[in-house]
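Asker: One structure follows; several queries about it will come next.
The values are calculated or read from the model by the stated rules, or taken from the named source; none is laboratory data. Since we're looking at a predicted model, the values are computed, not measured. Ideal geometry is used to build each Cβ from the backbone, glycine not excepted, and the neighbour counts take in all protein chains shown. These area figures cover heavy atoms from the full protein model, side chains too; ligands, DNA and RNA do not enter into them. Shrake-Rupley method; radii C 1.70, N 1.55, O 1.52, S 1.80 Å.
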Amino acid sequence: MAPPDFTNDDRFDGLYVNVANQTQGIEPLLDSVFSFLRRKSDFFAGPPGMDGNGTENAIATVHRVLRKHADIYLRDEEKKKEKERERMALVKKKREEEERRRRRMDEKRRAEEEERKDMAADGGKEKEGGGDDVMELDADGAFDISDRVEDIESSSSLSSAGAGADAKDMIDDAAPTTSTTTTPPSPKIPDGDEDDEPPPVGNGGTVEGKYVWTQTLQELSVVVPLPDNTRGKDLNVTIGKNHLKVGLKGRGETIVDGKLTHSIIVDDSFWTVEDGNRLVLTMQKSNQMEWWESVCVGDPRINVQKVQPENSKLSDLDGETRQTVEKMMYDQRQKAMGLPTADEAKKFEIFEKFKREHPEMDFSQTKFT
């Protein structure tokens, strides 16, 4: 049977903590240990029968055990450094991928813009040539169907008063609005400055001099840099439903003290100190179907339309929630490109179907808003 391994045995931690609190220092603590060995054991004298080498053997034993634990410490530190290097390499790789993705998106948007301009120019030429079936594009690349049937207004009319009433009811159901006319949503070309903005790293941001934060739909992760060798008892951390406060006790310094942008679940939120130089707060969102623009009110905000959730996380959701998340993501992308959302596209499809079924009706003044 192999002898027990005491190198990482924590069963006596409580006893040693009590001794350490009373001795108030490393050297007094070691004095207490060796005093016990000297007074209550034959550690220095050696087993019976030894010829005066007990003290030298005791010193050699202490050196051997001390060297062993020093080696363990150095190996653990090297593992931490290696883990940190891997994390930094991963962050660098992710940033490079995001930069390549941003360049591809820029090139695609520029190509689409050129195509819209060419279509607008071609549409104007065809209209001047008197084409009967041309749908004109305006300067922004938007469709306007009001002029398409202008040339047949005099010959187009409702077949009956009943058909007119049915048409009005169906159009009202398809696109409820207080306006008497509706027109399909026009695609908008994003502003140049916003177009060049890269997606936020980790779907979060940086508050200079305070913290770095990332998020998923479910939770926030906030990393606060700390002075070296900071311990948990040196911190004053308060996580509330709508408020966050972080400070250093000894210095009386407050690092974060602000109202949260949205509420969190306090019982599922916690904090830890890692490597003695950073505080990591993990906070569970109350509403797990929204992205935060910032952690605290008044801090720099990110563009949530640029958020790029991990696709693999969708598989963790139930069917109904997954459909809702996918629809939300689709609508966000559509709005960012100035295109209709799923609901708006459905209304327009209903209206177009009704138009095809009633060619005798005049829709020249019908617009979607």
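Asker: Using Cα-Cα distances under 8 Å and only pairs 6 or more residues apart, what relative contact order does the stretch 247-291 have, in percent?
Answerer: Values: 41 pairs, mean separation 14.1, N = 45.
Relative contact order, the stretch 247-291: 31 percent.
Asker: Taking θ = phi - 60°, what integer Hz values does the Karplus form 6.51 cos²θ - 1.76 cosθ + 1.60 yield along the stretch 354-363, in sequence order, with x for Gly and Pro?
Answerer: Once θ is set to phi - 60°, the couplings for the stretch 354-363 become 5, 4, 5, 6, 10, x, 6, 8, 9, 10 Hz.
Asker: Just to verify a number: FRET efficiency for Gln24 and Lys259, C-beta to C-beta distance, R0 = 45 Å, to 0.05?
Answerer: Values: r = 41 Å, r/R0 = 0.92.
Here the calculated transfer efficiency is 0.60.
Asker: Additional query: Using 0.36 nm per residue of separation minus the Cα-Cα distance, give me the extension gain between Val91 and Glu113 in nm, one decimal.
Answerer: Details: separation 22, 0.36 × 22 = 7.92 nm, distance 3.25 nm.
Net length gain for the segment: 4.7 nm.
Asker: For the stretch 1-69, I need the span (max minus min coordinate) of the C-alpha atoms along each principal axis, in Å, sorted largest to smallest.
Answerer: 39, 33, 22
Asker: Next up: How much solvent-accessible surface does Ser364 expose, in Å² to the nearest 10, with a 1.4 Å probe and all protein chains in place?
Answerer: The value for Ser364 is about 0 Å².
Asker: Output the pairs from Lys92/Lys241; Lys245/Lys327; Lys94/Lys327; Lys241/Lys335; Lys92/Lys245 with a Cα-Cα distance over 28 Å in this structure; if there are none, say none.
Answerer: In this structure, Lys92/Lys241; Lys245/Lys327; Lys241/Lys335; Lys92/Lys245 exceed 28 Å between Cα atoms.
Asker: Give me the orientation-averaged projected area of the Cα convex hull of the stretch 1-117, in nm², one decimal. If you can, show how the numbers build up before the last one.
Answerer: Working: hull surface 60.3 nm².
Directional mean of the projected Cα hull area for the stretch 1-117 stands at 15.1 nm².
Asker: For Tyr330, what accessible surface area do you get with a 1.4 Å probe? Give it in Å², rounded to 10.
Answerer: Number for this one is 90 Å².
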